[in-house]
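Chemist: Sending over a structure as structure tokens; questions will come in a sec.
The values are calculated or read from the model by the stated rules, or taken from the named source; none is laboratory data. All figures in this text were calculated on a predicted structure; none of them were measured in a lab. Ideal geometry is used to build each Cβ from the backbone, glycine not excepted, and the neighbour counts take in all protein chains shown.
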Amino acid sequence: MISQDTTIKTVALAINAEFSGSDSTLVTDVTHDSRQAGENTLFVAIRGLTVDGHRFIGDVMRRGSAGIISEYDPPENFQGNWLKVKNARKSLAKAAAVINGNPSHDLDLIGITGTNGKTTTTYLCFALSKTANEKAAMLTTVEYRIGDRSEPAVRTTPEASDTNRFLREAVNEGCKTAVMETSSQAIDLNRCDWLKFKVAIFTNLTRDHLDYHLTMENYFDAKKTLFDGRLGEKPASSAINIDDDWGQKLANELKESGQKIITFSLNKKADVTAANIEVSLARGTSFLLSTPAGKRQIISPLVGKPHVYNMLAATSAALELGYGLDAIRNGLEICAGAPGRFERVPHDGDFAVVVDYAHTDDALLNVLKTARDLTNGRIITVFGCGGDRDKTKRRPMGEAAGRNSDYVIITSDNPRTENPLKIIEEIETGMKETGCEYKIVSDRRDAILAAVAKARANDVVIIAGKGHETYQIIGKDKFHFDDREIALEALEKIRED
């Protein structure tokens, strides 16, 4: 259970707040969402980009809120507890940790950051915990899970209040391990502050989110925060992909500061490596895993070299948690990965249809390289780019698709409030440079139907960008849309014809 004896004075001291009100008020929860605020709950009023939480102060107080945390003085004639702080987001994280009894201290918590591979690596770490006979919890882009209990994810990395509440539930239900994706934006917005990580994993860093971070240096610095103690405490150890240039930079900087690191690589001398890699659509991926604890032959259902990096990352974390090599091997061999990550759409035809979440140029390049290694036929690619998001990756994604496909259909992803044809036009500037044959079909359903209809024996159809998502956002409306369902519809249509 969440602690029932935390007083508002205890919270005020923990977050270094200027406090006015009743010292003895009991607090059992904290939130920035006015809809969650009620009796014995502290409400953190945050001025966001679109909504100012201060607008809801009167409403939450009428519903019995324990008090308000804010960067501002209380309004005139305010009646109740007021905690004035320098940084509301940091205070939300600290208060959430204190009120929930610092649950991350009672877990072997793994945090995973990087542009690509976070979700699959999270699933792998969860699977390794299971084969090591430890009950685990995980927070991913796809789902939040405690043991066998699961619910759909709201966002990649929840707010600090939601995360601490979740981790407290995990502890109460007997979990020893928890693993979570830690996105750069979440780190930058203090959602991971005051979490105690046993292991932090760096997968890679490639172009994405530059609409938010503006430069790759800023993007890297946000990721680095997970490792260098700025969240409140340094992780006990860090697992780093040193084949990635930014990963090598991070490893060098952490090593200079005396922190414990474990490195993994396919191309360099490292602590954890893979050799003799073989990839097959039918059989998955096999390789020889080498670690400081010994070697094991791995046969995984995951397909492609990018997944080998994910498996090395999970192995590195597992070694730091003291898992045995046989448990690690067993976990790698049973884990089918995350939904929508090089997910094969089942059918009886003589060509393959694959759905993947790839929504950056580097991720798309990796998916297409994997497909090229698996077939002597053509690669037919369907993809688009999200609206109201990083525009700098659109041209590079067009170029990556064109240089590594035999035929491309450019379509819509989640255009949101942008004109879909404008997004496609920006993708097209990169496509035109490659000489690849392509077609524009702005309706995503029609684009998938066209791609599958064009496939012949030994071809691979790659449907990229949305992966596990079951919706499409057009304007401000959200519609049900699942690439896998549309692909099955397209395959059924072929059978009928």
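Chemist: Would you call Asp162 surrounded by fewer than 19 Cβ atoms within 10 Å (Cβ to Cβ) and more than 27 Å from Ala251 (Cα to Cα)?
Modeler: No: the conditions fail for Asp162.
Chemist: For region 461-476, enumerate the residues that are among the charged types (D, E, K, R) and either surrounded by fewer than 24 Cβ atoms within 10 Å (Cβ to Cβ) or over 14 Å from Thr411 (Cβ atoms) (or both).
Modeler: If the condition is that a residue be among the charged types (D, E, K, R) and either surrounded by fewer than 24 Cβ atoms within 10 Å (Cβ to Cβ) or over 14 Å from Thr411 (Cβ atoms) (or both), then Glu469, Lys476 are the ones that fit.
Chemist: In addition: Would you pick out the residues in region 158-193 that are hydrophobic (A, V, I, L, M, F, W, C), closer than 25 Å to Ile240 by Cα and part of a loop (DSSP other than H, G, I, E, B)?
Modeler: Within region 158-193, Leu189, Cys192 meet the criteria.
Chemist: What number of residues in region 288-326 are buried (at least 22 other Cβ atoms within 10 Å of the Cβ) and at positive phi?
Modeler: 1
Chemist: In this structure, is Asn218 without any contact (Cβ under 8 Å) to a residue 40 or more places away in the chain and more than 21 Å from the chain's Cα centre (by Cα)?
Modeler: no
Chemist: I'm trying to understand the selection: among the residues of region 72-118, which are buried (at least 24 other Cβ atoms within 10 Å of the Cβ) and free of Cβ contacts under 8 Å to residues at least 24 places away in the same chain?
Modeler: Hits for region 72-118: nothing passes.
Chemist: Going by the structure shown, is Leu128 in the same structural domain as Tyr309 (by TED's automatic domain parsing) and surrounded by 23 or more Cβ atoms within 10 Å (Cβ to Cβ)?
Modeler: Taking the combined requirement at face value, the residue satisfies it.
Chemist: Exactly one of these conditions fails for Arg403: (1) at pLDDT below 95; (2) over 23 Å from Asp443 (Cα atoms). Give me its number.
Modeler: Unmet for Arg403, out of (1) at pLDDT below 95; (2) over 23 Å from Asp443 (Cα atoms): (1).
Chemist: To continue, here is another question. Of all residues in region 249-287, count the ones that are surrounded by fewer than 18 Cβ atoms within 10 Å (Cβ to Cβ) and closer than 15 Å to Leu312 by Cβ. So that I can check it myself, show each step before the final result.
Modeler: Here is the first cut: in region 249-287, the ones surrounded by fewer than 18 Cβ atoms within 10 Å (Cβ to Cβ) are 249, 252-253, 255-258, 260, 266-269, 275-278, 280-283, 286.
Keeping just the survivors that are closer than 15 Å to Leu312 by Cβ gives 266-269, 275-277, 286.
Number satisfying all stated conditions: 8.
Chemist: Go through (1) in a loop (DSSP other than H, G, I, E, B); (2) in contact with a helix residue (DSSP H, G or I) (Cβ under 6 Å, 6 or more places away or on another chain); (3) in the same structural domain as Gly304 (by TED's automatic domain parsing) and name the single condition Glu134 misses.
Modeler: Among (1) in a loop (DSSP other than H, G, I, E, B); (2) in contact with a helix residue (DSSP H, G or I) (Cβ under 6 Å, 6 or more places away or on another chain); (3) in the same structural domain as Gly304 (by TED's automatic domain parsing), Glu134 violates only (2).
Chemist: Further question: Give Asn330, Asn276 a once-over and let me know the one that is closer than 30 Å to Asp361 by Cβ, out of contact with any Gly (no Cβ under 9 Å at 6 or more places or on another chain) and either outside the structural domain of Asn376 (by TED's automatic domain parsing) or in a helix (DSSP H, G or I) (or both). Don't jump to the end; show me each part of the working.
Modeler: Details: Asn330 fails: closer than 30 Å to Asp361 by Cβ.
The match here is Asn276.
Chemist: Sticking with this one: So, in region 133-155, of the ones that are within 20 Å of Lys196 (Cβ to Cβ), surrounded by fewer than 23 Cβ atoms within 10 Å (Cβ to Cβ) and of a type outside the set (Asp, Glu), which residue ends up farthest from the chain's Cα centre (by Cα)?
Modeler: Lys135
Chemist: Test each condition in (1) at pLDDT 90 or above; (2) hydrophobic (A, V, I, L, M, F, W, C); (3) within 21 Å of the chain's Cα centre (by Cα) for Phe287 and report the one that comes out false.
Modeler: Among (1) at pLDDT 90 or above; (2) hydrophobic (A, V, I, L, M, F, W, C); (3) within 21 Å of the chain's Cα centre (by Cα), Phe287 violates only (3).
Matching residues to (1) touching a Gly at 6+ places or on another chain (Cβ under 6 Å); (2) over 26 Å from Leu312 (Cα atoms); (3) of a type outside the set (Val, Ile, Thr):
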site: Val98; (1), (2), (3): no, yes, no
site: Leu107; (1), (2), (3): no, no, yes
site: Thr115; (1), (2), (3): no, no, no
site: Tyr123; (1), (2), (3): yes, no, yes
site: Ala127; (1), (2), (3): yes, no, yes
site: Thr157; (1), (2), (3): no, no, no
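Chemist: When you go through Lys9, Lys86 one by one, which is the residue that is of a type in the set (D, E, K, R) and under 22 Å from Arg191 (Cα atoms)?
Modeler: The match here is Lys86.
Chemist: Tally the residues that are under 21 Å from the mean Cα position of the chain (by Cα) and of a type in the set (Asp, Glu), restricting the search to region 94-132.
Modeler: Matching residues across region 94-132 total 1.
Chemist: On to the next question. Out of everything in region 408-424 that is without any contact (Cβ under 8 Å) to a residue 60 or more places away in the chain and closer than 18 Å to Ala363 by Cα, what residue ends up being nearest to the chain's Cα centre (by Cα)?
Modeler: Filtering region 408-424 for residues that are without any contact (Cβ under 8 Å) to a residue 60 or more places away in the chain and closer than 18 Å to Ala363 by Cα, the one nearest to the chain's Cα centre (by Cα) comes out as Asp413.
Chemist: So Lys295 passes all but one of these: (1) touching a strand residue (DSSP E or B) at 6+ places or on another chain (Cβ under 8 Å); (2) among the charged types (D, E, K, R); (3) outside any strand (DSSP E or B). Which condition number does it fail?
Modeler: (3)
Chemist: Looking only at region 194-219, filter to residues that are part of a helix (DSSP H, G or I) and surrounded by fewer than 19 Cβ atoms within 10 Å (Cβ to Cβ); which one of those is modelled with the lowest pLDDT?
Modeler: From region 194-219, those part of a helix (DSSP H, G or I) are 210-213, 216-219; that's our starting set.
After this cut, where a residue has to be surrounded by fewer than 19 Cβ atoms within 10 Å (Cβ to Cβ) as well, the list is 210-212, 216-218.
Details: Leu210: 68, Asp211: 72, Tyr212: 71, Met216: 86, Glu217: 90, Asn218: 90.
Applying the filter and picking the extreme gives Leu210.
Chemist: Ok, one more. With respect to the numbered conditions (1) crowded, with 17+ Cβ neighbours inside 10 Å; (2) under 28 Å from Thr140 (Cβ atoms), which one is the sole condition not fulfilled by His480?
Modeler: Going through (1) crowded, with 17+ Cβ neighbours inside 10 Å; (2) under 28 Å from Thr140 (Cβ atoms) one by one, His480 breaks only (1).
Chemist: In addition: Scan region 47-66 for residues that are surrounded by 18 or more Cβ atoms within 10 Å (Cβ to Cβ) and touching a helix residue (DSSP H, G or I) at 6+ places or on another chain (Cβ under 9 Å) and report the count.
Modeler: Count: 6.
Chemist: What's the total number of residues in region 302-327 that are closer than 17 Å to Ala275 by Cα and either at pLDDT below 95 or of a type outside the set (Ser, Thr, Tyr) (or both)?
Modeler: Adding up the residues that qualify gives 13.
Here is a yes/no grid of residues against (1) out of contact with any Leu (no Cβ under 9 Å at 6 or more places or on another chain); (2) among the β-branched types (Val, Ile, Thr); (3) over 14 Å from Ile99 (Cα atoms):
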residue	(1), (2), (3)
Gly21	no, no, yes
Val30	no, yes, no
Ala45	yes, no, yes
Val51	yes, yes, yes
Gly58	yes, no, yes
Arg62	yes, no, yes
